[in-house]
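Okay, structure first, notes after.
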Amino acid sequence: MRFLTAKGFTLIEIIIIIIVLGIIVAIGFPAYQDLSLEAKKSTCKSSLGQLRGGISIFYSNQAARTGVAVWPDIDSLRTIGVVMQMEIPPNPFQDESRAPDSIVEGITRGVVVGTRGGWAYKPSTGEIWPNTSTTVSGGGCSGPESIDENNW
């Protein structure tokens with residue numbers, strides 16, 4: 001008599017719940033990956049804007065103080081308080097184990113210099129860009145997507 005009044009889930013009900021949760025996760029996971037990628041893009045563009053702004057201000061200040069406008073050299077860009085008032089922001093597309101806040105001398109925008117990552121800077125023109133080139137795998141029928149952040 002006690003078994004007839006017992007409440008609980010049957011094995012079929014538990015399996016249905018697991019299947020429904022699996023479907024929800026399968027639908028939600030690609031959306032999460034898209035949000036994560038968009039956040040990295042926004043962060044990278046914001047950091048790039050900060051760097052470009054600091055370089056432009058340095059250039060303008062040099063012109064006002066000395067009468068000769070010059071772009072900062074790479075060591076000035078690395079030194080806190082000369083061009084940037086805080087540390088160089090990290091490149092969010094770069095693996096943290098490879099110095100995402102480093103700056104290397106770049107030659108041509110779109111060409112990654114070495115494997116260090118971070119940022120590429122061309123002192124002769126004041127150009128700076130991400131020193132990474134990211135490709136993410138697509139979901140479903142779409143193939144890999146090239147972010148091409150080193151051309152921003």
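Only the coordinates and a few stated rules stand behind these numbers; no lab work does. Everything numeric here is computed off the predicted structure, so don't read it as measured data. Backbone-built Cβ (ideal geometry, glycine too); neighbour counts: all protein chains shown.
Key figures
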quantity: Calculated from backbone phi, Karplus (6.51, -1.76, 1.60) coupling profile of region 87-95 in Hz, x at Gly/Pro; calculated: 4, 4, x, x, 7, x, 7, 9, 4
quantity: Cα-based shape type of region 1-92, given that a ≥ b ≥ c are square roots of the gyration tensor eigenvalues and the cut on a/c is 1.5; calculated: prolate
quantity: Whether region 10-151 is rounded, prolate or oblate, judged on the alpha carbon gyration tensor where a/c under 1.5 counts as rounded; calculated: prolate
quantity: Under 5 Å, built H, 5+ apart or other chain: amide partners of residue 103; calculated: 119
quantity: Under 13 Å, Cβ to Cβ, from residue 84 - net charge with Lys/Arg +1 and Asp/Glu -1; calculated: -1
quantity: Efficiency of FRET from Cβ geometry, residue 46 and residue 9, R₀ 41 Å, rounded to 0.05; calculated: 0.25
quantity: Within a Gaussian network of the chain (alpha carbon springs, distance under 10 Å), most fluctuating of 119, 71, 129; calculated: 71
quantity: Charge dipole of the chain about the Cα centre (unit charges at C-beta), most positive-ward option of 43, 74, 128; calculated: 43
quantity: In order through region 120-129: 3J(HN,Hα) via Karplus (6.51 cos²θ - 1.76 cosθ + 1.60), integer Hz, x for Gly, Pro; calculated: 10, 10, 10, x, 6, 10, x, 6, 9, 8
quantity: Residue among 119, 22, 106 farthest towards the positive dipole end of the chain, charges placed on Cβ; calculated: 22
quantity: Net charge contributed by nearby residues that have their C-beta within less than 14 Å of residue 110 (K/R +1, D/E -1); calculated: -1
quantity: Student exercise, region 10-151 dipole from Lys, Arg, Asp, Glu Cβ charges, in Debye to nearest 20; calculated: 420 debye
quantity: Among 48, 35, 77, residue whose mean-square fluctuation peaks in a GNM of the chain (springs only between Cα atoms under 10 Å); calculated: 35
quantity: GNM top mover of 21, 11, 51 - the chain, alpha-carbon springs below 10 Å; calculated: 11
quantity: Helical mean residue ellipticity (222 nm; -39500 (n - 2.57) per DSSP H run of 4+; nearest 500) of the chain; calculated: -15000 deg cm²/dmol
quantity: Cβ-based net charge around residue 45, under 12 Å, with every Lys or Arg adding one and every Asp or Glu removing one; calculated: +1
